[in-house]
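For reference, the structure is listed below as C-alpha cells.
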Amino acid sequence: MTDTNPTSSESTDTASPQATRAKKEKIPAEIWLMASWCKGCGICVDYCKPGAIKMDGVYPASPDTALCTRCRMCEAMCPDFSIEIDPLETKDIRKKGRQL
C-alpha cells in the first residue's frame, strides 16, 4: 500500500509567504509618550504584558522599545491619549511610507 501523506524528509522549493515575512528584519518600535498629557495613572504599565513600559516615580519612564511587541494595548487603554505606537514593523513597509 502506498502512503499518500507527505513525509518530513520531503522538502518544498518555494517558501510560504509566512516564512518570507518572518525573515524580514524587524526594527524596534517607535513609542511616543506625551508627558504633558499624562496624569500618571499607570494603566499603560498594567496593560503592557512584555513589560516595555515601567513607572519612574509618578509617570511612565522611557519605554524599552526592544521589548515592545506593538500590540498597542497601552495606546488603546490610555485615557489621556498620551501614548502612540508606530504600527509599522519591517523596513520594507517603512520605506513605502504610511498610506491612509
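The values are calculated or read from the model by the stated rules, or taken from the named source; none is laboratory data. As the structure is a computational prediction, the values presented were derived from the model and not from experiment. Heads up, the Cβs are rebuilt from the backbone with ideal geometry, glycines too, and the neighbour counts pull from every protein chain shown.
Does T2 fit the bill of being of a type outside the set (K, R), at pLDDT below 90 and outside any loop (DSSP other than H, G, I, E, B)? No. Residues of segment 46-71 that are farther than 11 Å from I31 by Cα, surrounded by 16 or more Cβ atoms within 10 Å (Cβ to Cβ) and over 12 Å from the mean Cα position of the chain (by Cα): Y47, P60. Within segment 15-45, restricting attention to residues that are modelled with pLDDT of 80 or more and not in a loop (DSSP other than H, G, I, E, B), the residue that is nearest to the chain's Cα centre (by Cα) is I31.
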